[in-house]
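Presented below is the structure to which this report refers.
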Amino acid sequence: MGRFLVRRILQGLLVMWLVTIAAFCLFFIDPSGPMSVARRIGGRQATTQQLHRIIHDLGLNQPLYKQYWHFLWGAPGRPGLLQGGLGRDYYFGEPVTHILYQAAPITFSLAIGASVLWLAMGLASGILSAVRPRSFLDRFFTTIALFFYSMPTFVLGLLLLLIFYFDFTTKLHLAWFPAAGYVAFSHNPWEWVHHLILPWMTLAVVSAAAYTRLSRSSMLDVLGEDYIRTARAKGLTERRVVLRHGLRAALTPIVTQFGIDLAVLIGGAIVTEQVFSMQGLGFEAVQAINNQDLPVILGIVIVASAAVVIANIVVDIIYAVLDPRVRLN
Amino acid sequence: MTTGTSGDVLLRATDVVKHFPVRSGSIFRRAVGAVHAVDGVSLEVRQGETLGLVGETGCGKSTLARCITRLYDLTSGTVEFDGADISKLGASAMRPYRREMQMIFQDPYGSLNPRRRVGSIIGDPFAIHGIASGQDRRRRVQEAMELVGLNPEHYNRFPAEFSGGQRQRIGIARALALRPKLVICDEPVSALDVSIQAQVINLLSDLQKELNLTYIFIAHDLSVVRHVSDRVAVMYLGKVAEIGPSEDIYQKGRHPYTQALLSAVPVPDPRKMEGRARIVLAGDVPSPLNPPTGCRFHPRCPKARDTCVSEDPPLIPRLGDPPIHAAACHFPVEVGEDISLSTPQISESERVIEGGLIGNA
Amino acid sequence: MTIGNVGATGELDLVTGTGPVEEAPEAAKVIQGRSPWRLAYERLRRDRAAVISAVIILIIVVCAIAAPVFASITGHGVNQQFRVIGLKADGFPTGVGGKFPLGTDDQGRDVLVRIAYGARVSLLVGVVTSAITVTIGAILGLMAGYLGRTVDTIVGRIIDVTLSIPFLLFAVALAAVEGGGSITLVITVLALFGWSSVARIVRGQVLSIREREYIEAARSLGAGSWRIMFIDIFPNVIAQVIVYASLLIPLSIVSEATLSYLSIGVQPPTADWGQMIFEAQQGGLYQVAWWFLVFPSLALLITTLAFNILGDGVRDAFDPRADRLFV
């Protein structure tokens, strides 16, 4: 297991390195020269003088490999990526890391809460459907899953807002759900949950639908195997058969899918943050694009990718725990 | 290409060795061992003859076949086809030789692409070598189908719509489409019902006469091999144990392993069966990862002596046999000798005990 | 279409072991085999839900193509603003009914007409993206799986990186760099991030197919790598690819809508469903003009649902299971 872990971490580092190269290429390379790059960073309104200053500050005139090195390690006065520096936001001069530091907890609360919810809902409904195929319960879950699976996240979010916030509050006079905002867990745990319920549901339901389908089909595959039939013949209770024997095998494709979905999760978070006006990473990213604020976007891309890579490593470890064959590879 | 006269050496394999490395390690995979699939095999095949190649599963016969046809690269040794050294040729250099040297595979269900129509499958050789196209190709494919006894109307069918025997015929049609000189049949009938086996074998015989083919016939069923082969080579654990004319092997097998194989062939007459001594070999074939020292057969051989543990016997004629009949054994079997009565004279640690493996794998 | 009698002319004589030879093989007539495609198509035809979905999709396509017809019937152009009759006295859009069957938007434009035009964007992006993604993914997956070692490693690393970068974020970033979104950007980003999943699936299949005997047979015949990849391996992989493509269409549609919602997709004033929903959210407008939110959402939902059901149907047609719910 140890060797597996080491190998996996090394792979992750390699991928992260490639990601930094990709990000660097995207932002700092332009066929028409350093002026265009500077313009991207400075924004549409930047004057020529400001552009020249940017070129000077960021060393955009230097050969590419040097620029990459500065980006990665840093130059005097400008800590690079590995030292925790991501440049400054070009409008308020605020260090990008600072912005990210404030925005990240919001996104992570959203993401982690939602994923727990969707895994729970998806697995539960999928397993229940698989255990009684073609029953009313099965048809019900499958139809609902299909319905929600076809709905974009933001549509769901807005509809939820419309019904639960607006209609409830104004027509039913039940101010149960807030419209927007975020309250930190450290301030007030109950309010934290209170404000996150609708966003969590928005983000979770669509994915839960996908996981219902996936776990239903995976579970059905496993329950059809001979060894399950043997377990039943041995006299084990149905519950034990399903949960202890069936689930373990059925979980593997789900874990794989979850790993892939982690990257999508951030995207879903972006949309949800927009709908509910929560100032997480996604929201900041969209702001940044409206302001043409490249350093912020660059920072978010790198941080988000790092989070995905780390989460993927965790997922792979879980996978290895579930399926010992993987460790031997 | 030369048109050799009957009797010329068509294929010569010299000291062919094929090892498959076993790798370990996570990032940088080092070779920690090797499977000695083929460990020094030399043989010749003459134009027009049929060389039978027998042995247990895992003895390396299929690997040898693939080395000869260069589906694998050789670890060392040479293969000469029609006078030319094809041991190290790259894919494009090999291509012209592939017209002359074809293979028929064992699994009628796996050797045909289930998603392609039969006409397309048999037409492949024509397409690959740019020989015929369009109507001309179709006509020739249908000729090939008739040659092997298939209905040319079934040109557009999928393999799934044919029986096992018919599929094997498709494979034969594909192999013979370009009229090769040498055909290697890798257990062509092992996966078929016995009644169908007879048909296919007869078909192969007829085709050999009709098209002047040379066969290497690989099988593990001795009775089948005896029927079709002019000469037979017996393989064990990557090396040739004995080689000679078919009847000599069956009547005067010199190697104890050959005798053991022969004694395992059932004979239809119950009375004859009772009278025969069964030579039962202990244990399984050792792992090719770590072959025994000296003569590879010594752990299971009823006649093993100390020389057998230390020296690997060369493949030469024994006991006054003609040059064409060679065996790799220090203490070959005399005619009439019953080796089920022999006892090995080597220490216990070198032997297989009652069905287990010794010190290998 | 007949299968023909297996017993008839193909019969082999068990005694002599030879078969009959056809008398006159001039232009031998040929019996059509029942291909796996045919079988799949028939299964699909019997799937009622899939057929209904296909019809719905057809209707949507017709609406998209005939969008100008909607404009001429109602007399409202797609980008025409009717600030007088379209907006009420307080500046809010008029509701459903009357001259505007589905109401107006914040600028007095006819929602119905815009939805019809919006269908064009969604369908176009959905189908084109799916086609491009699947093509790239299949080719690279084939290469990675068959050509092995170096190619596989390089492609594998690229896939890893692609799957690690959150696509939406990257789209946002790219839009920032490019100075705004566009339909090309949408298709590019979707294809750029979509191909890796296809490639992985295809590669996995290729790895197992590669060891089969018929591939060995092809090599022994002298076939080159590219011929083997596309003529021997690909037909065994294409079913999966088609299923993936049909399930990718609704995903692309949703992604496009999402990108437009974030203002990095199709730019205004082009009509687009995601865009319309974004506009409906501005200033809480949807709270007083629910139709502006609901109808584009419905359009999206129905389209996506129809494609999803059809996609499920296609998948079941190629790989039938005993536990299908609605028969």
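Rule-based calculations on the coordinates, nothing more; no lab input. As the structure is a computational prediction, the values presented were derived from the model and not from experiment. Note: ideal-geometry Cβ built from the backbone for every residue, glycine included; neighbour counts use all protein chains shown.
Structural remarks
- Amide H partners (placed H, <5 Å) of B:Ile184, local residues excluded: B:Gln102, B:Met103, B:Ile104, B:Ile216
- With Cα atoms, 0 to 90° folded angle of helix B:134-147 axis to chain B main axis: 40 degrees
- Derived scalar couplings between HN and Hα for the stretch C:258-273 equal 5, 5, 5, 4, 8, 6, 10, x, 4, 8, x, x, 4, 6, 7, 4 Hz in order, rounded to whole Hz, by the Karplus curve 6.51 cos²θ - 1.76 cosθ + 1.60 (θ = phi - 60°), x for Gly and Pro.
- DSSP-loop trypsin sites (Lys or Arg not before Pro) across the stretch B:26-122, with at most 15 other Cβ within 10 angstrom: B:Arg29, B:Lys88
- Added length on full extension, which subtracts the Cα-Cα distance from 0.36 nm per residue, A:Thr169 to A:Thr252: 25.6 nm
- Rounded to 5, percent antiparallel among DSSP beta bridges of the protein assembly as shown: 65 percent
- For B:Lys272, a cut-off of 21 angstrom between C-alpha atoms picks up these lysines, skipping any fewer than 8 places away in its own chain: B:Lys252.
- Spherically averaged projected area of the convex hull of Cα atoms, the protein assembly as shown: 53.8 nm².
- Here is the size of the stretch A:97-328 from its Cα atoms: Rg then Dmax, 20.1, 66 Å.
- Our analysis of the stretch B:9-241 gives Rg over Rh at 0.98, with the two radii drawn from alpha carbon positions and Rh computed by the Kirkwood formula.
- Entries in B:Lys18/B:Lys239; B:Lys18/B:Lys88; B:Lys18/B:Lys61 that, when Cα-Cα distance is taken, lie over 18 Å: none
- The label point for A:Thr48 and the one for B:Ser163, both projected 7 Å from the Cα toward the Cβ, are 9.0 nm apart.
- Rg/Rh for the stretch C:40-319 stands at 1.08; both radii use Cα atoms, and Rh follows the Kirkwood definition.
- Calculation over all alpha carbon pairs of the stretch B:253-355 in 10 angstrom steps from 0 returns a P(r) of 14, 44, 32, 10, 0 percent.
- Sorting B:Lys303, B:Lys18 from the fewest to the most surrounding beta carbons within 10 angstrom yields B:Lys303, B:Lys18.
- Average beta-carbon neighbours from other chains, 10 Å sphere, peptide A:154-160: 6
- Distance between the modelled labels on A:Ser135 and C:Ala66, one decimal in nanometres: 4.6 nm (7 Å Cα→Cβ projection).
- Reachable lysines from C:Lys99, criterion Cα separation under 21 angstrom, eight or more residues apart if same chain: C:Lys88
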